[in-house]
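The values are calculated or read from the model by the stated rules, or taken from the named source; none is laboratory data. What you see is a predicted model; the values in this text were computed from it and never measured. Virtual Cβ from ideal backbone geometry, glycine too; neighbours counted across all protein chains shown. Side chains are part of the model used for accessible areas, which takes the heavy atoms of the whole protein and leaves out ligands, DNA and RNA. Shrake-Rupley method; radii C 1.70, N 1.55, O 1.52, S 1.80 Å.
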Amino acid sequence: MSSVILKMASIVLRPLFWVISIWLLLRGHNHPGGGFIGGLIAGSALIIGPLSREAEEIKLEKKNYPLLFLSGGMILILLSAALGLFTSDLMLEGLWMKIPLPLVDATLKLGTPLMFDVGVYLTVIGFIYFIFNSMMEEWQWK
Amino acid sequence: MELSIGILFAAAVLSLSIPSRLRPLKGWILSLFPLGIFIFLLTTIPELQNNGVLETNRSWMPGIGLNLHLLLDGLSLIFALLITGIGSFILIYAHQYMQGYAHTNRFYVYLLVFMGSMLGLVLSANLLLLFIFWELTGISSFLLIGFKHKEENVRQSAIQALLVTAFGGLMMLSGFVMLGLVSGTYEINQMIGQSSSIINHGWYLPILILILGGAFSKSAQFPFHFWLPGAMQAPSPVSAFLHSATMVKAGIYLMARLNPVLGNTMEWQTIIPLIGGATMLIGAYLALTQKDLKAILAYTTISALGTLMLLIGIDTELSMKAALIYLIVHALYKGTLFMVAGSIDKKTGTRNIDLLGTLAYRMPITTVVALLALLSMAGLPPMLGFIGKEIIYEANIQTPNVAGIVTTLGVISNIFMVWVSIFIGYRVFFRKSYQGYKTPSETSFHFWIGPGILALGGLILGLFPYQLGENIIQPALGVIQAEQLDIKLKLWHGFNRVFLLSMFTLLGGVALFLLRHQLIPFFRRVNKKFFDVRFSDMFTGFIDGIMAFAKGHTKVIQHGYQRFYLMVIFLVVAAMGWFQLINTRFWEIEMPVQQVSVYTVLIALVITVATLFTLLSRSRLTAIISMGVVGYGIALIYLIYSAVDLAITQLLVETLTVVIFVLVIFKLPRFASLSSRASKLRDAGIALIVGGFMTGIAMKAKHLELKEPISDFFVKNAPGKGFGDNIVNVILVDFRALDTLGEVTVLMIAALGVVALLKIDRS
């Protein structure tokens, strides 16, 4: 459906959604947030633009980006799950790497759980994007 | 030794990558692999004298007792020599025979895979390993029978062979497992030591019957024999190799191998001779009335397999010796005859014996080869077949208890065999009329070299049987029967009872042959009247029945109505839940009086009102928005109990759902009330039952007394072990990551479901 307000708002909202979603994803391990929530917001960012137009006007991507998101996320998740197999024989075992940051008095902790969460993030984005796209595609055909 | 199996499997892969310059030599090149193994096996003969063995043992899955335990002893050696020796010639023969067929690459792969599996089967010293190879031979046999898969009856035969042998194979596997449970091992060597306790165990009879099921179905014993004539749909090299010389002998091999474990009992000496004898007679009799050359050979093969089974079942030293010799005899002449039949088929365009004739003048070399093999089949001197038959008669006569019956059966089937041999020899090669479709000419070198050498082998071994007995039969016999035996094979046994029986057999065969014009029509009439039941048709009917049954009940259970599926799921879950709730008397728990804030009560009220509104609304949009209100209300409750992550997630999901719902509704037809009053009431009832059950569970959950709530563990360990302060997130990505993995997978599947729903009708 066509909506001028939404169209205008989406110009501001889209980047804002992206920033918030990534922020939520990264802070998720210690504060409210995480891959799932971040993914939902990023997914909204992707569909808010097309939402403000008529279905017929929406340009569909030739490449199947939603599927890329979905499968990419799934692959990341499986990779992070498999890494544990090589070190401790346990699937999904959390592996951590601590990098002391220069200048600031803090250490950066990277681990397979983060990779896992990014995987969830991508899959959720892909899912929303995918469903939306499939519906739009269907309507354009009719 | 394990290398030799590996070599054959590797050759199967290599056969695909032979450079095109070498294509014209493909059969020759590939035959080098089995030939090399054959020569290697010959070099092991000195080591295997006096019960020596070659052994390798590697553990594979020790947890279930499966080891890569290979063992080459006298018994394995006989089979391994037959497999690799005949295999080499088959490859050369196939090279010429398969010219003009499509997909010959596949053919070589299947054939070599079969060869490797068959070799593995006879070398396995572990029953589970043996079973794996056993099934592999069955599968490769299926692929080879169905090689000309574009014809309906070929596919039918292939499926039938697969189903019969795989059914037997599964029976056998359960027999193996029971045997493994009784003896505590799957190693055949270790079972032999426990033989007496196995035989006296209550499970002995079921074990024997189950294993015999496998052996009988593989070796085409009555009443499983019908798949073998069907298997003649395969190209002739396959019939010569799998369905006469090697694979169908697997059942014989298995019973010989297990004789020290299970043998020498009343049951063994009753069941096996009974079935074997019946098969022997039925096969020989049915061979008489066939018209297709390959079908005749197939039925005589069944008869020979019956003879072998009978001999194994008699279970005396002499009968085992007879079985081993007859095994070699049969492989040599029947392999030859099948290859000859294939050549004739190629050169004349038919295998119908009513049309064939005069080939002796047109294909002299082939004729000589065939006649040598037929002599062996008829059991005439100086061929090895003669020695084989003599020993069989000797074994029959010395059978404990039922010598009379066994000998009579043996003589009758042998008379039939003599008749069939003369009949084929005369009809195909010497009869003065020929009505084939092509003008036959002598075959090329490829076609007669293999069968020629096999037939000559029968002659040479017949002339010098002593070597065979000393080097091959004796070590094998030592494996089957524990005591050492002295085997002296001779061509000439003197004028004794056995010789008289032989003379009688020969005369009987000749006499029947002379009376053929009266007898064959008579037999055909008898067949029509009494044996009109065709086992293969019965089998097909049985399989069709299973399919019809499956279709019938699938139609009832999988009706395709979403609402009924949901109803079944909900009701079953609720019924189980309610059963447990009532069982534990959930109403007796005391609800503690808790301080509930005003907000909570208010939000609960809003949710309730919104729910009722959803139910009663007459507009879709209203219904969806009030559903959204329910969702937001729940999110607020989460917030009040300080579950921030849950609340955010709930809000986002709720919003997106409403948005997408609205999008969908936009495209839907106008709201209409489709459900009748009765079905609405029914749905309300189900909803109340399920809802009540959920409420009960929730109340109950509050009062479960766990020693230590799991949440304490998470709270304690999230920062230290999960390196995160947000417990929910640590649970999601670390402690319970497997659950999340499952959920994400569900997302993927749901996406696929969307594709299916939206796009399925487009194509």
When Cβ neighbours within 10 Å are restricted to other protein chains, what is their mean count per residue of peptide B:642-651?
3
Per residue accessible area in Å² of the range B:1-263, where ligands, DNA and RNA are left out and the probe is 1.4 Å
34 Å²
Which of the three applies to the range B:562-705, rounded, prolate or oblate, going by the alpha-carbon gyration tensor with a ≥ b ≥ c and a/c under 1.5 meaning rounded?
oblate
Compute the distance in nm between two label points, each set 7 Å from the Cα along the Cα-to-Cβ direction, one at B:Arg534 and one at B:Ala684.
6.4 nm
What angle, in degrees between 0 and 90 and rounded to the nearest 10, separates the Cα long axis of helix B:384-397 from the longest principal axis of the Cα atoms of chain B?
80 degrees
Which of A:Ala81, A:Ile41, A:Tyr65 sits closest to the plus end of the dipole of the range A:4-141, meaning its Cα is farthest towards the positive end, when Lys and Arg get +1 and Asp and Glu get -1 on the C-beta?
A:Ile41
Go through the range B:686-724 and flag every residue whose accessible area shrinks by 40 Å² or more with all protein chains in place compared to the isolated chain (probe 1.4 Å).
B:Phe723
Using alpha carbon centers only, the range B:174-223 is separated from the range B:417-435 by a whole-angstrom value of 44 Å
Percent relative contact order for chain B, counting Cα pairs under 8 Å at least six residues apart, stands at 10 percent
Among residues other than B:Thr367 whose Cβ falls under 13 Å from its Cβ, what is the net charge (Lys/Arg +1, Asp/Glu -1)?
+3
List every residue whose amide H lies under 5 Å from the amide H of B:Leu66, counting only residues 5 or more places away in sequence or on a different chain, with H placed 1.01 Å from N in the peptide plane.
B:Met61
Between the range B:19-96 and the range B:260-294, how far is it from one alpha carbon centroid to the other, in angstrom?
29 Å
When Cβ neighbours within 10 Å are restricted to other protein chains, what is their mean count per residue of peptide B:498-506?
0
For a Förster distance of 22 Å, can you work out the FRET efficiency between the beta-carbons of B:Lys716 and A:Asn30, rounded to the nearest 0.05?
0.85
Sparse-neighbour loop sites [chymotrypsin sites (Phe, Trp or Tyr not before Pro); the range B:189-251; at most 16 other C-beta within 10 Å; DSSP]
B:Trp203
Just tell me how shielded B:742-753 is by partners: mean number of partner chain Cβ atoms within 10 Å of each residue's Cβ, no decimals.
5
Determine the per residue accessible area of the range B:269-514 with all protein chains present and a 1.4 angstrom probe, expressed in square angstrom.
34 Å²
Short version: ³J(HN,Hα) in whole Hz for each residue of the range B:730-741, in order, from phi by Karplus 6.51 cos²θ - 1.76 cosθ + 1.60 (θ = phi - 60°), x for Gly and Pro, what are they?
4, 4, 5, 9, 10, 4, 10, 4, 4, 4, 4, 3
Where in the range A:79-102 does accessible area fall by at least 50 Å² between the isolated chain and the complete protein assembly, at a 1.4 Å probe radius?
A:Leu92, A:Trp96
Rank-order B:578-587, B:101-110 by packing density, defined as the average count of other C-beta atoms within 10 Å over each peptide's residues, highest first.
B:101-110, B:578-587
Once phi for every residue in the range B:427-436 is put through the Karplus expression 6.51 cos²θ - 1.76 cosθ + 1.60 (θ = phi - 60°), the whole-Hz ³J(HN,Hα) values, with Gly and Pro written as x, are 4, 7, 9, 10, 4, 8, 10, 9, 10, x
Probe 1.4 Å, accessible area per residue of the range B:562-705, Å²
72 Å²
Nearest 0.05, what FRET efficiency do B:Lys432 and B:Ala403 give at R0 = 51 Å with Cβ-Cβ as r?
0.70
Rounded tilt (10° steps) of B:620-640 against the dominant C-alpha axis of chain B:
80 degrees
Along the Cα→Cβ direction, 7 angstrom out, place labels at B:Leu615 and B:Leu170. What is the inter-label distance in nm?
4.9 nm
Distance in Å, no decimals, from the C-alpha centre of the range B:314-346 to the one of the range B:504-568 is 28 Å
Could you check how much of the accessible area of the protein assembly as shown is carbon and sulfur, as a whole percent, using a 1.4 Å probe?
69 percent
For the range B:363-435, shape from the Cα gyration tensor axes a ≥ b ≥ c, cut at a/c of 1.5 then a/b versus b/c, turns out oblate
C-alpha long axis of helix B:74-97 to longest principal axis of chain B, angle in °
90 degrees
How many square angstrom of accessible surface are buried between A and B, both sides summed, with a 1.4 Å probe and rounding to 100?
3800 Å²
